[in-house]
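Notes for the one structure printed next.
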Amino acid sequence: MGASVNDDLLSLLMESNFKVFCEDENSKNAGMTIDEVIEECKLFYFAGQEMTSVLLTWTMIALSMDPSWQVRAREEVLQVFGKNKPNFDGLNQLKIVTMILYEVLRLYPPAITLLPRVCQRTKLGETSLPPGVDLIMPLLLVHRDAKYWGKDANEFNPERFSGGVSKASNNSGAFFPFGWGPRICIGQSFAMIEAKMPGVTVVTRNWYDLSTNNQHPSELNNVAGKMFVTWIGTTPRVSITDPELIREILSNKSDDFEKPKSRPIAEYFISGLVNYQGKKWAKHRRIINPAFHLEKLKRMLPAFSTCCSEMISRWDGMISVEGSRELDVWPELQNLTGDVISRTAFGSSFEEGRQIFQLQLEQAELLIRAFQSISVYVPGFRFLPTKDNIRMKEIYKTVRTLLRGIIEKREKAINMGASVNDDLLSLLMESNFKVFCEDENSKNAGMTIDEVIEECKLFYFAGQETTSVLLTWTMIALSMDPSWQVRAREEVLQVFGKNKPNFDGLNQLKIVTMILYEVLRLYPPATALVRRVRQRTKLGETSLPPEVDLIMPFLLVHRDAKYWGKDANEFNPERFSGGVSKASNNSGAFFPFGWGPRICIGQSFAMIEAKMALAMILQHFSFELSPSYAHAPYTVITLQPQHGAQIILHKI
Ligand code: HEM
């Protein structure tokens, strides 16, 4: 009807859409449909409202923490506008306010990660990426990286933007709060003007300070160097990538840093040593330790060997007459390590052990499903009779009944004078019995049957998944780098020929050990450790308040070029030729099994098992990646190959 166009976004959008229709009226696809316009309007709400409001919120918090910048901003605003309403030209003159907003966008970017997906095979730097891979670009880490921003990277210092964005760091690409390239935030200028406008009004009219309830942000503001703070809801998390500080935390014997309690639903799955603290942990660790001594592990070697032989025979049987076959080796290796635990933990009760393994596997899947849904955060949800909750309870009871049966049978046999077997359960019961005898007056000496049950369940979880992913990544790495596969096979054949590997021979395998270490460095099965600060504690130069979670991301330290050199992301087992201590310029930068008193109790067990399995695989097969393999490490408790590990085996 000829009305003039308003200045609101909807009108402008419709005007522009109309122009496109007119320019190309023959094409059915020119311009947007009404439905598409509706969707764009909905997007404006989400993209425009949340982002700008958090930018303004963090700005007020930052200026409350640093009143000197609040004063400088106010002076500038009063100089430009006095007490008048801000206008467009004046907003463009605000240099200090702009510097402050940029610094807030650097430290608290409203969108902390960008996540494009590869659509078709693409080269990125030196790496060829297959389609379907998600690329994670964590703005937060780049924005706070001391390499680009200097030692004060974690500090609020708007001064760094005084020469504009391009001069704020030594790499102009290190600041991208609005994204980059053709898909850069379309509302960037809108957001900056919007943020300046109320920012100016608030700064002019009010003085603001942090509430006294809000203690953590200012206290944690002094974390610096290789530490950075993020928030999960109201819980602050300090991530630490400095090996010295990580060792300080993990070596702490005063219980200043405790393990955070797992959610109650996780108790259906496991508790035991890994979850205990203080005296209870010390008692259990003392009882369990002897079962993992090297001498005892030596006696378990036949069990390792039997399980590996069974897998090799199965693979042999699957391979066609042409002598090759594609196989997803990950589930195969999961079965292998499950069998190894069933046999080494329960010896003669191996079949019941296998049943427990299958049930625990199902329990793990149910638990992961629960953690991936919102329900786990609803208090008491686990008591509701949902299908998954009922099944979890059922599995919990069945596993306990099976374990109780095995343990009672074993107890009876020992009481009747049977000799102690070489399996983990017998060794654990023997060690437990000794502790009871040493301190028979104390009610708390030794472990109860229920506690022994929990420790047995823990062996499955802690020992099975970790070792299976180590072996899986090793086969993938050796498929990607056939020269190391050849070197490893030569060594194995030189030491054992085609005979079954024995304990002394496994100890001589230098190349195989270097390869396993390199895989543990690049693909650590546990990618991070967590501790919670129990009471105010000093860590390095930083004083940490209670209830802060400390995250120690192995993966970042294991791949940090500062310790491992320029080829930090490359597979190069040679770096371990002089042993772990000489592999990097900081011997604390490698800790796939943890560190200090809580270091993995099954470390030697896992290494012997992995060497045995790898040696036998190398004796019988050569292998290469299948074209259907997509390299996509992702974390579901452990670091796993998201799309499986499709490998082509060739009989040799
Ligand atoms: C490649 C294989 C393995 C890796 C990478 C690995 C890694 C780890 C790590 C990083 C920890 C320390 C957790 C912390 O400090 O919070 C740990 C603890 C533990 N691991 Fe392992 N592990 C492996 C194999 C095994 C095996 C085979 C077993 C047993 C059969 C086992 C049993 C345990 C137990 C019981 C703990 C708890 C120790 C404690 O809290 O005192 N692990 N493991």
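The values are calculated or read from the model by the stated rules, or taken from the named source; none is laboratory data. Keep in mind it's a predicted model, so treat the numbers as computed, not measured. Don't worry about glycine lacking a Cβ; one is built from the backbone with ideal geometry, like all the others, and counts go over all protein chains shown. Only protein heavy atoms, including side chains, enter the accessible area calculation; ligands, DNA and RNA are left aside. Shrake-Rupley method; radii C 1.70, N 1.55, O 1.52, S 1.80 Å.
Annotations
- Count of the range 494-537 residues which are open to solvent by 70 Å² or more (accessible area, probe 1.4 Å) and part of a helix (DSSP H, G or I): 5
- Answer residue from the range 151-175, given it is assigned to a loop (DSSP other than H, G, I, E, B) and acidic (D, E) and is farthest from E103 (Cα to Cα) among those: D152
- In the range 278-288 there is at least one residue that is free of Cβ contacts under 8 Å to residues at least 60 places away in the same chain and away from the ligand (no atom under 13 Å from the Cβ).
- Of everything in the range 265-282 that is within 23 Å of Q535 (Cα to Cα) and not small (G, A, S), the residue that is surrounded by the fewest Cβ atoms within 10 Å (Cβ to Cβ) is K279.
- Within the range 80-91, the set of residues being surrounded by 10 or more Cβ atoms within 10 Å (Cβ to Cβ) and farther than 11 Å from M197 by Cα comprises V80, F81.
- Filter result (touching an Asp or Glu at 6+ places or on another chain (Cβ under 8 Å), open to solvent by less than 40 Å² (accessible area, probe 1.4 Å) and of a type outside the set (A, V, I, L, M)) within the range 236-259: P236, T241
- Selection status of S622, in contact with a helix residue (DSSP H, G or I) (Cβ under 6 Å, 6 or more places away or on another chain) and more than 30 Å from D134 (Cβ to Cβ): no
- Flag for E451 being in a helix (DSSP H, G or I), touching a helix residue (DSSP H, G or I) at 6+ places or on another chain (Cβ under 9 Å), of a type in the set (D, E) and within 11 Å of the ligand (Cβ to nearest atom): no
- Residue under evaluation I637, criteria (1) more than 15 Å from the ligand (Cβ to nearest atom); (2) on the phi > 0 side of the Ramachandran plot, criterion not met: (1)
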